[in-house]
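Have a look at the structure below, then the notes.
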Amino acid sequence: MGHELSFYRQKRHDGGIRTAVTADGVTVLHRFQPGDAPSDPALLWYVDLRCSGRRLPVEPEATRQWLLAQSPIVRDNLTRLASKLEAGMDVEPWPFQWQVPRPPRGVRMTIVCSAVRRLPMLEIASILIDLCENWDEWLRELEVPQALAS
């Protein structure tokens, strides 16, 4: 049986942005930047990098280092996907899924993105480029949740 590793970045209606990594469904790294509006956790958009494979790490620092080591392939695919979605995405009930070609051996990688309103959908390419440009920095800024740190 393999492991599941996901990096995600999402923006809420209140302007808050959550960036996190989960390993086998457990949040191992995270950061939340609150928005300026009254609390509203409903999402405007999200971008996930979903990975599955037998040799994926599950410990916080190991997941960070593994994701940093994948920076070239992740950033290349975020750029390619952004180019494909320059005009935006049509409103669909399902998220857009991009299978990463030539992922690391024994790993399946998928970039999944969605937006709930027309305006964020038109901005999805710039969101992907922003993620590409800040990938390493944002990964390094993520914190281990208190429950795992103690």
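The values are calculated or read from the model by the stated rules, or taken from the named source; none is laboratory data. Computed from a prediction, not measured in an experiment: that's the story for all the values here. Glycine gets a Cβ as well: all are built from the backbone with ideal geometry, and neighbour counts include every protein chain shown.
Data overview
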{"item": "Matching residues in region 62-84 - criterion: being of a type in the set (Ser, Thr, Tyr) and surrounded by fewer than 21 Cβ atoms within 10 Å (Cβ to Cβ)", "result": "Ser71, Thr79, Ser83"}
{"item": "Qualifying residues in region 43-60 (those that are touching a residue at least 40 places away in the same chain (Cβ under 8 Å) and over 19 Å from Leu128 (Cβ atoms)) - the one surrounded by the most Cβ atoms within 10 Å (Cβ to Cβ)", "result": "Pro60"}
{"item": "Where a residue in region 5-31 is free of Cβ contacts under 8 Å to residues at least 24 places away in the same chain and farther than 17 Å from Leu139 by Cα and its partner, wherever it lies, is among the acidic types (Asp, Glu) and outside any loop (DSSP other than H, G, I, E, B), with Cβ under 9 Å and at least six apart", "result": "Gly25/Glu4"}
{"item": "Conditions (1) modelled with pLDDT under 95; (2) closer than 16 Å to Arg9 by Cβ: number failed by Arg140", "result": "(1)"}
{"item": "Residues of region 23-57 satisfying the condition of being at pLDDT 95 or above and either touching a helix residue (DSSP H, G or I) at 6+ places or on another chain (Cβ under 9 Å) or among the aliphatic types (A, V, I, L, M) (or both)", "result": "Ala23, Val26, Thr27, Val28, Leu29, Arg31, Val47, Leu49, Cys51, Leu56, Pro57"}
{"item": "Single match in Leu128, Leu119, Leu68 (criterion: at pLDDT below 95, in a helix (DSSP H, G or I) and touching a helix residue (DSSP H, G or I) at 6+ places or on another chain (Cβ under 6 Å))", "result": "Leu128"}
